[in-house]
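Working notes for the structure below.
Bear in mind that the values in this text are calculations on the coordinates, not laboratory data. Quick caveat: nothing in here was measured; it's all calculated off a predicted structure. With ideal geometry, Cβ positions are generated from the backbone for all residues, glycine too; neighbour counts draw on all protein chains shown.
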Amino acid sequence: MRWGDMDAYGHINNVQIVRMLEEARIAAFGPPRGAGLPGVEPPVSVFDSVEDGVMTLVVEHKVRYVRTLEYRNIPAVVEIWVGAVKGASFDLHYVIKDPVTGQDCVNASTHLAFVDESTGRVRRLTPEQKEQLAPYRP
């Protein structure tokens, strides 16, 4: 959490919550290929292993604010796991917890798909991609 993430009420702003989800997604599964510079390898390289000309796009976010997430000068805890894996898309689920109390503050999910850049059509997940995601399902 950053000081600038607070809203006028001292809570982490809802827009920043979605950014926290993005940061957790990238930390866990890697950035889209070609973005940024090399650093620490993610536990699962799903997003950076897609072929050239394929984009990883967010189809939908669902965010439920269970309680306010107050600013703290330590990182929030974000748990992330893979939900449904379909033929051409998959879901990631998150819980953001207060780092001091351990209370759930946000429950969220992101529906993702791989899209062909030139045609705009959704690409089916490969067996290898499904295999990479399998260990992170409940």
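On the beta carbon distance between residue 7 and residue 27, with R0 = 22 Å, the FRET formula returns roughly 0.35. Quote the FRET efficiency, to the nearest 0.05, computed for residue 52 versus residue 104 with a Förster distance R0 of 35 Å and r equal to the Cβ-Cβ distance. E(calc), rounded to 0.05, equals 0.35.
Sorting 3, 81 from the fewest to the most surrounding beta carbons within 10 angstrom yields 3, 81.
When 78, 95 are arranged by Cβ crowding within 10 Å, least crowded first, meaning fewest neighbours, the order is 95, 78. Counting beta carbons within 10 Å around each of 9, 65 and listing the fewest first gives the order 9, 65.
Overall, the chain carries a charge dipole of about 340 debye about its Cα centre when +1 sits on the Cβ of Lys and Arg and -1 on the Cβ of Asp and Glu, all other atoms neutral. Taking label positions 7 Å along the Cα-Cβ direction at both residue 88 and residue 63, the computed distance is 2.8 nm, reported to one decimal. Modelled label positions at residue 117 and residue 72, each set 7 Å beyond Cα in the direction of Cβ, lie 4.0 nm from each other.
Helix content alone sets the calculated 222 nm mean residue ellipticity of the chain: runs of n ≥ 4 DSSP H residues at -39500 (n - 2.57) each, divided across all residues, give -5000 deg cm²/dmol. Return the label of the correct value of Cα extents along the principal axes in Å, as calculated from the structure shown, out of (i) 53, 40, 20; (ii) 44, 31, 27; (iii) 54, 35, 19. Of the labelled values, this structure produces (ii).
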